[in-house]
Amino acid sequence: MRRLNLVALLGAVVVGLVAVGCGSPDAGDVGSDAGSVAATAVQGPTMRELLESEGDSRLVATMRGPGQIGYLPPVTRREGNAIVTVFRIKNISTGALAGFKVDEFWYDSDGETVTGDSHRMRRPFLVDEVVEITLRVPRDSRMDRSNYEFTHQNGVVEANVFEEMEEPTPVEEDTEETDESDEAETPAR
């Protein structure tokens, strides 16, 4: 019991010394506003300000549980000393898929894993969006067959093979096209 009291007292002393040591040199002054200035500088924008801002980012509700995608059979080709596999995928879920990931595994004739690649989307995979994902693996003479898996951050993905699909959705080109169209509509002065 005495040891616990001693440890508690020693801990309180250490925390007190650290708190005093980390304070600003003017923290002891009664008339100083350094503490209030530091507190205001640390405070960032409020959630309301972020939601009302007209920035490029927007909040998107993402799927929880199983998601659904449709994809064309992947196109695999040899480029130099690499095997390149291209997937065209469409999100047919009712919500966006956060952390959408495609994994490809290559096996030898005995079923042992030889190599593989993975791609994870950094932004949410929006509903009805079509993306093209390219995976590259080094070529190995033992490679016999491949397998791929689709997952997302909040669950598994049910994949359906499509026979045809529209072109991938241009994400970054949308802003460039609007800039070009704005310039074309603005009369020269």
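The values are calculated or read from the model by the stated rules, or taken from the named source; none is laboratory data. From a predicted model like this one, the values you see are computed outputs, not experimental measurements. Here the Cβ positions follow ideal geometry from the backbone for every residue, glycine too, while neighbour counts run over all protein chains shown.
Quick check, is ARG136 surrounded by 11 or more Cβ atoms within 10 Å (Cβ to Cβ), charged (D, E, K, R), out of contact with any Leu (no Cβ under 8 Å at 6 or more places or on another chain) and under 13 Å from GLY99 (Cβ atoms)?
Values: surrounded by 11 or more Cβ atoms within 10 Å (Cβ to Cβ): yes; charged (D, E, K, R): yes; out of contact with any Leu (no Cβ under 8 Å at 6 or more places or on another chain): yes; under 13 Å from GLY99 (Cβ atoms): no.
No: the conditions fail for ARG136.
Across region 105-141, what is the total count of residues that are under 19 Å from the mean Cα position of the chain (by Cα) and not β-branched (Val, Ile, Thr)?
Within region 105-141, the first condition is being under 19 Å from the mean Cα position of the chain (by Cα), and the residues that meet it are 117-135.
Subsequent filtering for residues that are not β-branched (Val, Ile, Thr) retains 117-126, 128-129, 132, 135.
Qualifying residue count for the region: 14.
Quick check on PHE162: is it modelled with pLDDT of 90 or more and within 21 Å of the chain's Cα centre (by Cα)?
Numbers: modelled with pLDDT of 90 or more: yes; within 21 Å of the chain's Cα centre (by Cα): no.
No, not satisfied.
Only strands (runs of 3 or more DSSP E) wholly contained in region 82-137 count here; list those with 2 or more residues that are of a type in the set (Phe, Trp, Tyr) and in contact (Cβ under 8 Å) with a residue 12 or more places away in the chain. Break it down stepwise before answering.
Values: elements: 82-91, 101-107, 113-120.
Strands (runs of 3 or more DSSP E) meeting the threshold: 101-107.
What do you reckon, is GLY116 over 23 Å from GLU164 (Cβ atoms) and touching a His at 6+ places or on another chain (Cβ under 6 Å)?
On the way: over 23 Å from GLU164 (Cβ atoms): yes; touching a His at 6+ places or on another chain (Cβ under 6 Å): no.
No; evaluated as a whole, the condition is false for this residue.
Would you call ARG78 assigned to a strand (DSSP E or B), surrounded by fewer than 18 Cβ atoms within 10 Å (Cβ to Cβ) and in contact (Cβ under 8 Å) with a residue 60 or more places away in the chain?
On the way: assigned to a strand (DSSP E or B): yes; surrounded by fewer than 18 Cβ atoms within 10 Å (Cβ to Cβ): yes; in contact (Cβ under 8 Å) with a residue 60 or more places away in the chain: yes.
It is true that ARG78 is assigned to a strand (DSSP E or B), surrounded by fewer than 18 Cβ atoms within 10 Å (Cβ to Cβ) and in contact (Cβ under 8 Å) with a residue 60 or more places away in the chain.
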